[in-house]
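The values are calculated or read from the model by the stated rules, or taken from the named source; none is laboratory data. Source: prediction; values computed, not measured. So basically every Cβ, Gly included, is an ideal-geometry build from the backbone, and we count neighbours across all protein chains shown. The area values use the complete protein model at the heavy-atom level, side chains included, leaving out ligands, DNA and RNA. Shrake-Rupley method; radii C 1.70, N 1.55, O 1.52, S 1.80 Å.
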Amino acid sequence: RRGPSSAFPRSQTPGSLMSFGGELRPLWPAPPPAAVSEALKREVSVSPELDHWTSPDLTVTAVKDVVCCLDHIVLLLAGCTGPLKKSNLAIWRPPAAVGAARGEVAADLQPLVLQGFPIEPGSCSRLWPGVGASFFARCGDGVWRVDLGAAAADGLASSGDASDVSSREPMVATAAKVFDLPPRVASLACSSRPSSGELFCAMLVQPEPTSASGPMIITAGQSFEQFPAASLCVFEPSTGLRKLADVPRLFEELVVSGGDRRICVWRAVLNEIPEEAERGEFLALDCSQKEAVCLTSGAGRVGSAAVSDDGELILLQANFSTDRPITTHMALVLIVWPRGEQAPRAERRAIIEGQHLLAFGFLRDAFFVTRLNGVDPESTLWSRPRIEGSGPPAAQGARLKLPVMSRSAAVRSNGQKLELIYGTESAESLPELATVELPSAGQGAPGSVVEARLFALPQPRGASWMSIEKVTYMHRGEQVTALLCERKHPPCPATAPLLVNAHGGPAAGFVNSMKTAADANRYPFRHFLMAGYRVFQPMFRGTLGFGDKWAMGNIGAQGSLEGDLGDILAGLDWLQNSHPSLKGTLAPARTGIFGGSYGGYMTIRAMSMLQHRFGAGVALYGFVHNRWMTYEGGDFTWEDEYIVPPPLEVEGFEIELVEEEGDSPGTSAPRAAARALPNSSSEGTPAAHRPLRDRSPSAGSVCSQSASDVWPLPKEMQASDCFNGLHRISKPLLLMHGEKDDICPLSQSQVAFHMLEKSGVPTGLIVYPGERHGFDQPEHQQDRDRRMLLWFAEHLEGERGSVPDVRE
């Protein structure tokens, strides 16, 4: 089937028929026909004005990439609206005058279309700077060189009101394809030589998949879904495409230096299957040499990397944790590789620890870092460290008043000054374009704040009517942060239903931004908000951005009233008793809960433990049994980190597994560059990251077992499971899952569905064909949103008001 498969209780199906001599007679009496929920019908629909907000094609406009072309800025945009639908590229010339207050100055954008470009205008997915008035773009299956030339001057002088993007005619620029990408490119990074402007591309190319008839054979150390190996290839017009190295594991997140020296950096994963811990190592290759070097040893969880233009500095994300790679925040690590030296220097130094990093990148004489302070993004400037001589490797300087939230940023010369241009977002407005004047000292003075000029981007009508509010409350002596979203125009009724979003992860960070409320993201809210619901998203224990202690707060206590589930309930109680405008308005019959992955688990857990607090729920690709999920999928890192085995008893003695002091830093404040990390030649692990217990069992050791090695499964290790509590669910619960989910297998939702069906609880199971962990197909995303709207409308009480019609 192309569409989703729906399952609903057997009581809603007719009795069986059998043919006797050509006449159909009932084999047993058919039960009276029962009404099928609107959310479970083959074809579902909602009102047109509400369906407008379920479309994945409707997204807010935001800046993805920024490149400078002489005096002009070229932007790659997401969510283009109005005339910008003609292309996701736009050209902009920053005005000399100082910007006014937020939202009062619109960015004077002009759509940019490419002459000689045979594919759809919106197919550009990445930009890189060139030289002069040119830049490079990945569009479709190739890399193109775009030359603005005289078009820039002529285009910006064309007719049209500069304050009204809708009146601007597109600028036409010349585009020429430099080369066709080979099939199966997994990651691509490009730059241009400053001396010649010649393109350099590095890419990770996966091998052609092999097919074989007969049975699938899985040997020890393999899995049903093997990660493929890849090759590191480079392209230059003068030499063509050539292979530099083969790597037997999957590697990704490739970056390359932007100068004449070619340094490639990538991460190689250590696992053969998808795992929660995302363990790996970083490797690098100087393209003038033949051998790649390993930048890390025991890196634990790994993230992104960045390389300075001259190739002498490398920034990378890793937490160097062997025992808790999931819940330990990744540090920002600085590595020095001077020109002329065969390998990077041995020292790896963490300059930021204990915070969730969103983005970082090199500027001219500095670099920026964007990190979460709770749910609030903050960007700071850092000095470029000295390669020779003594002194600190890097120093934190000024904070940007508005954070860098675009994938790339650009620095341009404006007379004697340098300007940083980037995309930003905040709780007060939808994404905007920002410019700041960089301090003369590069990073600026510590503690100072660099003001920004803001320019509004064209946004979909009605998107700004959704608001987001950060609230805080107490639970068991700890402060909990949450985001509360609602529609402001027209205002939500006082008794509007409230939906709790239990987020996934749980080791994930979330941004306090209006874009969170208004955009089409992994777990969108906007269709609920426009339908008249409020959405409450607590940052319960286990969430990133609040320090390691908080991130580790639900280890051994998942789904508990003392931990993360209690954080959710305390938030509902605070809204009911203390929120300035919602006090006294909450009721269980008007309260629902939904979430995906870990949020799906939390939804099932809440519905089974707290039947009196929620009127309905929707669980997306959740799980009900940790051990079952572990061994069906093969990822042991989740259970080994989150589930705590009971103390072992040997010959009458109880052996306690005790954490080492200092393993849980317990602070969200940044820790400065004071700790050296292990390098590629290090033997052993620093004391600060020594395992609490060995993950590789050794003969005769009673303390060497990890959680996933404990058999039979004791009741203490099943305390957080939903499986034995499914019979307690009494309120309507809809389940949604991907057919090929390799993280939380489909069987988890199937078991929950059959249990609810047998108990007579209103339920249904929606299975999306071909989908894995999450729904990636646009038609499945829209179907999901429609069904969730219908499910909550059917099962929750409350006044939602009328839906405004903002369709053009």
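Given the conditions (1) assigned to a loop (DSSP other than H, G, I, E, B); (2) in contact with a Gly (Cβ under 7 Å, 6 or more places away or on another chain); (3) surrounded by fewer than 22 Cβ atoms within 10 Å (Cβ to Cβ), which single one is not true for GLY509?
Among (1) assigned to a loop (DSSP other than H, G, I, E, B); (2) in contact with a Gly (Cβ under 7 Å, 6 or more places away or on another chain); (3) surrounded by fewer than 22 Cβ atoms within 10 Å (Cβ to Cβ), the lone unmet condition for GLY509 is (3).
Scan segment 599-615 and tell me whether some residue there is touching a residue at least 12 places away in the same chain (Cβ under 8 Å), surrounded by fewer than 24 Cβ atoms within 10 Å (Cβ to Cβ) and out of contact with any helix residue (DSSP H, G or I) (no Cβ under 9 Å at 6 or more places or on another chain).
no
Which residue out of GLU486, GLU478 is modelled with pLDDT of 95 or more and in contact with a Cys (Cβ under 9 Å, 6 or more places away or on another chain)?
Testing whether each residue is modelled with pLDDT of 95 or more and in contact with a Cys (Cβ under 9 Å, 6 or more places away or on another chain) leaves just GLU486.
Can you pull out the residues in segment 247-299 that are in contact with a helix residue (DSSP H, G or I) (Cβ under 9 Å, 6 or more places away or on another chain) and part of a strand (DSSP E or B)?
ARG279
Within segment 234-259, restricting attention to residues that are under 24 Å from SER308 (Cβ atoms) and in contact with a Ser or Thr (Cβ under 6 Å, 6 or more places away or on another chain), which residue is surrounded by the fewest Cβ atoms within 10 Å (Cβ to Cβ)?
Ranking the qualifying residues of segment 234-259, first place goes to GLU252.
Of GLU771, GLU808, GLU757, which residue is of a type in the set (D, E, K, R) and open to solvent by 60 Å² or more (accessible area, probe 1.4 Å)?
GLU808
Counting just the residues of segment 702-744 that are in contact with a Gly (Cβ under 9 Å, 6 or more places away or on another chain), open to solvent by 10 Å² or more (accessible area, probe 1.4 Å) and more than 20 Å from GLY566 (Cα to Cα), which one comes out modelled with the lowest pLDDT?
Filtering segment 702-744 for residues that are in contact with a Gly (Cβ under 9 Å, 6 or more places away or on another chain), open to solvent by 10 Å² or more (accessible area, probe 1.4 Å) and more than 20 Å from GLY566 (Cα to Cα), the one modelled with the lowest pLDDT comes out as ASP742.
Out of the residues in segment 512-526 that are in a loop (DSSP other than H, G, I, E, B) and hydrophobic (A, V, I, L, M, F, W, C), state the one that is least open to solvent (accessible area, probe 1.4 Å).
PHE525
What residue, among those in segment 751-772 that are outside any helix (DSSP H, G or I) and among the hydrophobic types (A, V, I, L, M, F, W, C), is farthest from ALA616 (Cα to Cα)?
VAL767
Exactly one of (1) within 22 Å of ASP108 (Cα to Cα); (2) modelled with pLDDT of 90 or more is unmet by LYS177. Its number?
Status for LYS177: all satisfied but (1).
Kindly indicate whether SER231 is touching a strand residue (DSSP E or B) at 6+ places or on another chain (Cβ under 9 Å), crowded, with 21+ Cβ neighbours inside 10 Å and polar (S, T, N, Q).
no
Just to be sure before I move on: is LEU484 over 23 Å from LEU790 (Cβ atoms) and not in a loop (DSSP other than H, G, I, E, B) in the structure I sent?
Against the criterion (over 23 Å from LEU790 (Cβ atoms) and not in a loop (DSSP other than H, G, I, E, B)), LEU484 qualifies.
Is it the case that VAL293 is open to solvent by less than 10 Å² (accessible area, probe 1.4 Å) and either over 19 Å from ALA268 (Cβ atoms) or not aromatic (Phe, Trp, Tyr) (or both)?
No; evaluated as a whole, the condition is false for this residue.
Can you tell me which residues in segment 480-495 are touching a helix residue (DSSP H, G or I) at 6+ places or on another chain (Cβ under 9 Å), within 19 Å of ALA587 (Cα to Cα) and open to solvent by 10 Å² or more (accessible area, probe 1.4 Å)?
Listed by number, the residues that qualify are GLU486, CYS492, THR495.
Looking at PRO338, PRO377, PRO325, PRO344, which is the one that is surrounded by fewer than 19 Cβ atoms within 10 Å (Cβ to Cβ) and either touching a residue at least 40 places away in the same chain (Cβ under 8 Å) or within 28 Å of THR424 (Cα to Cα) (or both)?
Step by step, each of PRO338, PRO377, PRO325, PRO344 is checked, and only PRO338 is surrounded by fewer than 19 Cβ atoms within 10 Å (Cβ to Cβ) and either touching a residue at least 40 places away in the same chain (Cβ under 8 Å) or within 28 Å of THR424 (Cα to Cα) (or both).
Here's the yes/no breakdown for (1) modelled with pLDDT under 90; (2) within 23 Å of CYS287 (Cβ to Cβ); (3) open to solvent by 20 Å² or more (accessible area, probe 1.4 Å):
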| residue | (1), (2), (3) |
| --- | --- |
| ALA153 | yes, no, yes |
| ARG168 | yes, no, no |
| SER195 | yes, yes, yes |
| ALA212 | yes, no, yes |
| PHE224 | yes, no, yes |
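Tally up the residues in segment 522-545 that are of a type in the set (Ser, Thr, Tyr), at pLDDT 95 or above and under 17 Å from GLY596 (Cα atoms), please.
Qualifying residue count for the region: 1.
Which residues, counting only those in segment 381-432, are surrounded by fewer than 22 Cβ atoms within 10 Å (Cβ to Cβ) and among the β-branched types (Val, Ile, Thr)?
Within segment 381-432, ILE387, VAL411 qualify.
Mind counting the residues in segment 535-558 that are surrounded by 24 or more Cβ atoms within 10 Å (Cβ to Cβ) and of a type in the set (D, E, K, R)?
Adding up the residues that qualify gives 1.
Taking the condition within 27 Å of LYS549 (Cα to Cα), in contact with an Asp or Glu (Cβ under 6 Å, 6 or more places away or on another chain) and assigned to a strand (DSSP E or B), does VAL471 pass?
no
Name the one entry in THR239, THR219 that is within 25 Å of THR637 (Cβ to Cβ), without any contact (Cβ under 8 Å) to a residue 40 or more places away in the chain and not charged (D, E, K, R).
On inspection, the qualifying residue turns out to be THR219.
From (1) of a type in the set (S, T, N, Q); (2) closer than 27 Å to LYS740 by Cβ; (3) at pLDDT below 95, pick out the condition that doesn't hold for SER664.
Tallying (1) of a type in the set (S, T, N, Q); (2) closer than 27 Å to LYS740 by Cβ; (3) at pLDDT below 95, SER664 fails exactly one: (2).
State all residues of segment 354-374 that are assigned to a loop (DSSP other than H, G, I, E, B) and open to solvent by 20 Å² or more (accessible area, probe 1.4 Å); if no residue qualifies, say none.
LEU363, ARG364, ASP365, listed by residue number.
Step by step: first the residues of segment 559-574, then only those that are out of contact with any Lys or Arg (no Cβ under 8 Å at 6 or more places or on another chain) and open to solvent by less than 10 Å² (accessible area, probe 1.4 Å), then the one that is farthest from ALA507 (Cα to Cα). Which residue is that?
GLY571
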